[in-house]
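See below for the structure under consideration.
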Amino acid sequence: MQKFLLTLLSIGALVFLAGCETIQVQNRTDRRAIDASIAQEKPGNYYIGRRFYKVDYHMWGWVKKPGEPWKQAQLVMMNEQKMLAPNRAQGKIGSDNDYEYFLYGFYSGDKVYEPASDHFYPEFVLTKAVLIDKAAPLIYPDSRWKDPKIRFLSGPEY
């Protein structure tokens, strides 16, 4: 009986450990990298965008002015009438999750309703997008925020 219980506990522990995921937490290195990239952003007629793909939602991601911290970024709906967003142009929706871009365009002044979140977001009219980084530093408290399956919409805190 003891062997059976020990075997059962061992199997349970293995199942538990196999289900654990590694979670990256924002640290000082991330913050220094974020500070350095913001310091390099020259004033100009462009924006910095961080793709924030979520399976259940239709917003594009976080957009900020150059030189601003990410906590001031806005979650936007992308108007693609002038140009398709990079992932849509490639026919690979969500493939650029957490990529960082130089975005050119303008805010239309309209708010667009997103039904899954039951919220209105500013509309950004995209005219050009240039990839900055496929592995930009973590702008969220932890890496779970980037998971496309998690229905979590809080913004960057740094």
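Name the residue that is surrounded by the most Cβ atoms within 10 Å (Cβ to Cβ), counting only residues in the range 133-158 that are among the aliphatic types (A, V, I, L, M) and touching a Ser or Thr at 6+ places or on another chain (Cβ under 8 Å). Top of the filtered list is Ala136. Being among the hydroxyl-bearing types (Ser, Thr, Tyr), over 15 Å from Leu75 (Cα atoms) and in contact (Cβ under 8 Å) with a residue 60 or more places away in the chain is a description that applies to Ser143. In the range 91-103, the residues that are part of a loop (DSSP other than H, G, I, E, B) reach residues that are loosely packed, with under 12 Cβ neighbours inside 10 Å with C-beta atoms within less than 6 angstrom, at least six apart or across chains, in these pairs: Tyr99/Lys134. Take the conditions at pLDDT 95 or above and in contact with a Gly (Cβ under 8 Å, 6 or more places away or on another chain) and apply them to Phe124. Does it pass? Here the answer is yes, as Phe124 does meet what is asked.
Please enumerate the residues belonging to the range 45-73 that are part of a loop (DSSP other than H, G, I, E, B) and over 18 Å from Met83 (Cα atoms). Before you say what the answer is, go through the steps one by one.
Going through the range 45-73, the residues part of a loop (DSSP other than H, G, I, E, B) turn out to be 45-46, 52-60, 65-69, 73.
Phe52, Tyr53, Lys54, Val55, Asp56, Tyr57, Lys65, Pro66, Gly67, Glu68, Pro69, Ala73, listed by residue number.
The values are calculated or read from the model by the stated rules, or taken from the named source; none is laboratory data. All figures in this text were calculated on a predicted structure; none of them were measured in a lab. Neighbour counts are summed over all protein chains in view; Cβ atoms, including those assigned to glycine, are modelled from backbone coordinates with ideal geometry.
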